[in-house]
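Reviewing the structure listed below.
The values are calculated or read from the model by the stated rules, or taken from the named source; none is laboratory data. From a predicted model like this one, the values you see are computed outputs, not experimental measurements. Cβ atoms come from the backbone with ideal geometry, glycine included; neighbour counts cover every protein chain shown.
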Amino acid sequence: MSNPTSAPSRNPVIELDEVRKTYRSGTIEFEALRGVDVTIDEGEYVAVVGPSGSGKSTLMNLLGCLDTPTSGAYRLAGEDVSTMSETELAEVRNRRIGFVFQQFHLLPSKSAWRNVELPLVYAGVPRAERRDRARAALTRVGLEERLDNRPGELSGGQQQRVAVARALVTEPSLILADEPTGNLDSSSSADVMTLLDELHDAGRTIVLITHDLEVAERAQRNVVIRDGRITDDVATGAGLDVAGGAR
Ligand SMILES: Nc1ncnc2c1ncn2[C@@H]1O[C@H](COP(=O)(O)OP(=O)(O)O)[C@@H](O)[C@H]1O
Ligand SMILES: [Mg+2]
């Protein structure tokens, strides 16, 4: 890893440089991302918005190191991840990224704390420390009374908070949330959005993918994607209070 010789004014977590993604099936090619350039700094709360088919999921898969670009560069916390192998990507995902998905993706047979400790199991953290950290993360999301409950014994909103705790437990560089309120009623959605606000206030870097403009308004910055290109990149009203024209 390289270190800058002088102190930088920004500390980028995400740097995408001319990123393109082409899907191929047989002889048919489709370019889902057509030259995406974006930098997201530590502590930013960014919503990526765009209509269905615009390339949001494709971008999310690249940002989450679940896939690699066809061309262009992606640096995550200064590390070039665009040419990594599957194994290397899996290690970076575990170390750098906390995921929150629309469908929660919790293991139904495991208790809340067992679900939350799982990324630490993969990271090789000793058992006693895993339990402490899982408990702390669940306390952070207001579920200290629910450590031993399985997902089926929790409401949708509570399950998503378990997923947020799991995303936090590794202290990731980036929290990546894909339509995190897509399966929640309005009251649970509000809870989860408040939780994301709090995590942002605590200095977390959050990228939220959504087609819901009301949800996107909660972020500090909106990146608009259409037909595989960024067409707009704006500070939101809510963000102006906090960012004070930093952009
Ligand atoms: N595996 C794939 N093979 C071929 N085309 C794909 C594939 N995945 C997505 N696409 C196409 O790429 C475009 C962007 O898709 P996607 O990233 O899923 O958009 P969004 O999440 O914004 O709805 C769409 O036109 C979609 O049909
Ligand atoms: Mg999608």
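General observations
- Qualifying residue in the stretch 105-115 (condition: away from ligand 1 (no atom under 16 Å from the Cβ), closer than 20 Å to ARG204 by Cα and surrounded by 12 or more Cβ atoms within 10 Å (Cβ to Cβ)): no
- Residue ranges of strands (runs of 3 or more DSSP E) in the stretch 194-240 with at least 3 members within 16 Å of ligand 2 (Cβ to nearest atom): 206-210, 221-226
- Considering residues of the stretch 30-42 that are surrounded by fewer than 17 Cβ atoms within 10 Å (Cβ to Cβ) and within 9 Å of ligand 1 (Cβ to nearest atom) only, the residue farthest from GLN220 (Cα to Cα): PHE30
- LEU184 meets each of the listed conditions (1) more than 16 Å from ligand 2 (Cβ to nearest atom); (2) within 21 Å of ASN94 (Cα to Cα); (3) in a loop (DSSP other than H, G, I, E, B) apart from (2).
- Search result, residues across the stretch 63-73 that are farther than 15 Å from ALA32 by Cβ and not in a loop (DSSP other than H, G, I, E, B): ALA73
- Pair list, Cβ under 9 Å, 6 or more apart: the stretch 170-186 residue over 16 Å from LEU66 (Cβ atoms), other residue of a type in the set (Asp, Glu) and not in a loop (DSSP other than H, G, I, E, B): LEU184/ASP191
- Just one residue in the set ALA134, ALA128, ALA77 is small (Gly, Ala, Ser), more than 18 Å from the chain's Cα centre (by Cα) and either surrounded by 14 or more Cβ atoms within 10 Å (Cβ to Cβ) or within 27 Å of GLY35 (Cα to Cα) (or both); that residue is ALA134.
- Residue within the stretch 15-26 that is under 18 Å from the mean Cα position of the chain (by Cα) and either farther than 30 Å from SER188 by Cβ or within 16 Å of ligand 2 (Cβ to nearest atom) (or both) present: yes
- Residue in the stretch 165-186 that is farther than 27 Å from GLU15 by Cα, of a type in the set (D, E, K, R) and crowded, with 21+ Cβ neighbours inside 10 Å present: no
- Residue satisfying all of: in the stretch 43-62; assigned to a loop (DSSP other than H, G, I, E, B) and over 13 Å from the mean Cα position of the chain (by Cα); surrounded by the fewest Cβ atoms within 10 Å (Cβ to Cβ) among these: SER52
Residues are listed down the side, and each one gets a yes or a no for (1) touching a Lys or Arg at 6+ places or on another chain (Cβ under 9 Å); (2) of a type in the set (Phe, Trp, Tyr); (3) at negative phi:
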{"position": "LEU89", "(1), (2), (3)": "no, no, yes"}
{"position": "ASN115", "(1), (2), (3)": "yes, no, yes"}
{"position": "GLY124", "(1), (2), (3)": "no, no, no"}
{"position": "ALA137", "(1), (2), (3)": "yes, no, yes"}
{"position": "ALA165", "(1), (2), (3)": "yes, no, yes"}
{"position": "SER173", "(1), (2), (3)": "yes, no, yes"}
{"position": "VAL192", "(1), (2), (3)": "yes, no, yes"}
{"position": "LEU196", "(1), (2), (3)": "yes, no, yes"}
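To keep it simple, each residue is scored yes or no on (1) in contact (Cβ under 8 Å) with a residue 24 or more places away in the chain; (2) not hydroxyl-bearing (Ser, Thr, Tyr).
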residue	(1), (2)
SER25	no, no
GLU29	no, yes
ARG34	yes, yes
PRO51	yes, yes
CYS65	yes, yes
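- Of the listed requirements (1) at pLDDT below 95; (2) touching a Phe, Trp or Tyr at 6+ places or on another chain (Cβ under 9 Å), VAL162 misses just one: (1).
- Per-region count, the stretch 37-85, residues more than 16 Å from ligand 2 (Cβ to nearest atom) and either of a type outside the set (S, T, N, Q) or closer than 16 Å to VAL100 by Cα (or both): 22
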